[in-house]
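Input: a single structure, listed below in structure tokens.
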Amino acid sequence: MQQKRCSRCGKVKFSQEFNKHKRSKDGLQNLCRVCQNETKKIARVNVTETVRTKECLSCGQLFKYLSRKKVFCSNNCRSVYNAKNKTRLDWEEKNKNKKMLYRVKHRAKMLGIPFDLEECDIEIPETCPVLGIKIEVARGKGYSDSSPSLDRIIPSKGYVKNNVRVISNRANLLKNNATVEELEMVLDDLKKLRDTTILREFA
């Protein structure tokens, strides 16, 4: 039967007293099971000793919590999550242009297209210049039809100065990478379909 020396206690023990480890040469852990259990107990004690006191941002109550764990007070207020989420949303509310700049810069890097924009190059209008709807910045994650979207006037040039404008997300989705000729063809086709009896039945 295979034997191995524990790297912690130094005792030579049979392989049955070691846990398995796929990456090791012999397929066994360096510590025996007894030493591993003692190591885990010490780690648990160190974690429980690290107790901190915090004031809940939701209800203002002082409560104690352990490190490396989610923070909840006795009233089930997720103070840390709410604080970070509120701070992020407040920052996005005050830095709409900067948020869009970071997002577009990452997109340009992923697509491998030119990028030389600055925060002053992005101006969010009150209404969409294409559809005329009111542009509203969504608070938090997600987009809507009225969310601001950065449009490349000439897509092949990339996100460069004098080649971008802010329009609604709906208009940008409709426009996408289509050319003027393609959009005119789609418009002509829709006009033809409107004159047919098929669309009249569903009108």
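Each reported figure results from applying straightforward, stated rules to the coordinates on display, with no laboratory input. The shown structure was predicted, so the numbers you read here are calculated from the model rather than taken from an experiment. Because the Cβ atoms are built from the backbone with ideal geometry, glycine has one as well, and the counts that use them run over all protein chains shown.
General observations
- Approximating the spin labels as points 7 Å out from Cα along Cα→Cβ, the Val137-to-Glu119 distance works out to 1.1 nm.
- Length-normalised contact order of segment 95-181 in % [C-alpha pairs under 8 Å, at least 6 apart]: 29
- Across segment 3-48, the mean sequence separation of Cα contacts (distance under 8 Å, 6 or more residues apart), normalised by length, yields a relative contact order of 29 percent.
- Radius of gyration and maximum dimension Dmax of segment 122-181, Cα, Å: 11.5, 37
- Kirkwood-Stokes translational diffusion coefficient of segment 3-48, alpha-carbon pairs, 37 °C, 0.692 mPa s, µm²/s: 296
- A simple spin-label model places pseudo-atoms 7 Å from Cα toward Cβ; at Lys13 and Thr127 they are separated by 7.8 nm.
- Ratio Rg/Rh [Cα only; Rh per Kirkwood] for segment 96-198: 1.04
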